[in-house]
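**Student:** Just dropping this structure here.
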Amino acid sequence: MMRLIVVSAGAIGLILLVAFITQRLVRARTAGMSIRMQIFLALAGIVGTFAFGVGLLVLDRIEARATLLATEAARDEADAIARFVGAEMRADAVSIRDIATSMRHEGTNADVHLVLLDADGRVLFGESERELGTVMVETPIMVEGHLLGRIRVIKPTIIMRRLLADFAPTILLISVTLGAAAALAAAVIGRAIATPIEGLTSFAVRVSEGETSAVPPQAHGQEVKRLTKAIDSMRRELEGRPFLETFAADLSHELKNPVAAVRASAEVLDEGALAEPEEARRFVARIREATARIETLLGEILSLARIEARGVDSSSEVDVGALARAASEAAKDRGAIFELTLEDDAIVRGQPNWLARAIDNLVDNAIVHGQPSGASRIIVSRDGGRVAVRVVSPGAVAKHVQTKLFRRFVTTRAAGGGTGLGLAIVRAVAEAHGGRAELARAGPPEVEFRLTLPSA
């Protein structure tokens, strides 16, 4: 019963291992083979080959030893029978043929196949054909120094078969154990190698998304430390000039439309529209609208530059719940209803004006992008040493902008006066206070922005 359980468990484990490897190899056709899988296959091949070789070697040695034991036992029996037959022929003065006749009448042991041959090798009793799984030993029958015949013992190797049957489950269990050890070793080694690479990849992605305060992961191992230092040094060297070039290009793009509107309106007024009061008022209104947008954009840029360059000048204990309540009241004045939920006391250290600005920007973003028919919520909660402000509104964020929302000048409502700097300011405020701003849910049916800050 125990043998059956061991064999069944080993077979199931082998099937699961093959299925796992097959599934990962199928995935590797499209996604590429991971380092973990490469290490696993290498170790599995080495350990599998080793276990297979050891198993064959053990089985071969067992078979050889069992065959030797069976041969020795057959030789002992053949010698004993030959001595007995020789003694009987000498005492009773009978011939080898008389002995064969007597053996036909008496029969033999079913486990031992005897063959009696005369001095010329002719078979007098039994069948001399040897079957598979047997050993054969032949001993001469000597009487007073004369060869009178031969005894051939053909014996099945029952001991060998039993030994192989007994050792097969053990060998299978050892092979499965070695396979499991190889899988565990591959997982540990693969994790040790892949984790630093995954950490550096995450760090590079955060930097590419504009998280300039991202800290490189802690490195272990001489090679990984050198790689981390090289990547971080390269980031610091490259972030200056490309950032200024990108910033200048984005700023000029954002200013192009309102400046063009001012110039076009001025040209129309200069060409005679001043003589028509109604037309003049319309173009003056356009100029005021464009200049207001320019002023708003420049104000947002200055705010963002100030918080990124100086950080938080002074800090005090701030009740985030009170700031969220004020943002909810301000939204109500604009005709938007936000359900406020204060789950715990939420006190942080920071600058109230900047924190209020960040929460207001999140609420404003929800008002502009949310669906008017749905209910919006502001949830303030505390989890251990962190305070979270969640602004939830019905709607969805397009997939192509989900990873870019917190970058400068990324907006989906440029035609409606959006500057694309509101969420960038939220991120900068969060980082200046040691926190994090993120898109927690992109919808549908709901979009959730989360501002997380360390509690006081």
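**Student:** Among VAL426, VAL387, which is the only one that is in contact with a Phe, Trp or Tyr (Cβ under 9 Å, 6 or more places away or on another chain), modelled with pLDDT of 80 or more and of a type in the set (Val, Ile, Thr)?
**Tutor:** Answer to the check: VAL426.
**Student:** Pairs needed: first member in segment 118-137, under 18 Å from ALA64 (Cα atoms); second member anywhere, modelled with pLDDT under 65; C-beta distance under 8 Å; at least 6 residues apart or different chains.
**Tutor:** GLY133/MET160; GLY133/ARG161; MET136/ARG130
**Student:** Take the residues of segment 263-289 that are assigned to a helix (DSSP H, G or I), small (Gly, Ala, Ser) and over 60 Å from the mean Cα position of the chain (by Cα): which is surrounded by the fewest Cβ atoms within 10 Å (Cβ to Cβ)?
**Tutor:** It comes out as ALA275.
**Student:** When you look at ARG386, is it under 31 Å from the mean Cα position of the chain (by Cα), more than 14 Å from LEU423 (Cβ to Cβ) and in the same structural domain as ALA322 (by TED's automatic domain parsing), yes or no?
**Tutor:** Yes.
**Student:** Right, here's the next one. If ALA70 satisfies all but one of (1) at pLDDT below 75; (2) at negative phi, what's the number of the condition it fails?
**Tutor:** (1)
**Student:** Which one is modelled with the lowest pLDDT, of the residues in segment 221-240 that are more than 22 Å from ALA194 (Cβ to Cβ) and either surrounded by 12 or more Cβ atoms within 10 Å (Cβ to Cβ) or not hydrophobic (A, V, I, L, M, F, W, C) (or both)?
**Tutor:** So the residue we want is GLY240.
**Student:** Can you tell me which residues in segment 318-339 are buried (at least 18 other Cβ atoms within 10 Å of the Cβ), under 19 Å from ARG450 (Cα atoms) and more than 43 Å from the chain's Cα centre (by Cα)?
**Tutor:** Once the filter is applied, which keeps residues that are buried (at least 18 other Cβ atoms within 10 Å of the Cβ), under 19 Å from ARG450 (Cα atoms) and more than 43 Å from the chain's Cα centre (by Cα), segment 318-339 yields only ALA331.
**Student:** Of the numbered conditions (1) in contact with a Ser or Thr (Cβ under 8 Å, 6 or more places away or on another chain); (2) surrounded by fewer than 17 Cβ atoms within 10 Å (Cβ to Cβ), ILE378 satisfies every one except a single condition; which is it?
**Tutor:** In the conditions (1) in contact with a Ser or Thr (Cβ under 8 Å, 6 or more places away or on another chain); (2) surrounded by fewer than 17 Cβ atoms within 10 Å (Cβ to Cβ), ILE378 misses (2) alone.
**Student:** Picking from THR341, THR403, which residue would you name as being within 30 Å of LYS256 (Cα to Cα) and among the hydroxyl-bearing types (Ser, Thr, Tyr)?
**Tutor:** Exactly one residue qualifies, and that residue is THR403.
The values are calculated or read from the model by the stated rules, or taken from the named source; none is laboratory data. All figures in this text were calculated on a predicted structure; none of them were measured in a lab. Quick reminder, even Gly has a Cβ in these numbers, built from the backbone with ideal geometry, and neighbours come from all protein chains shown.
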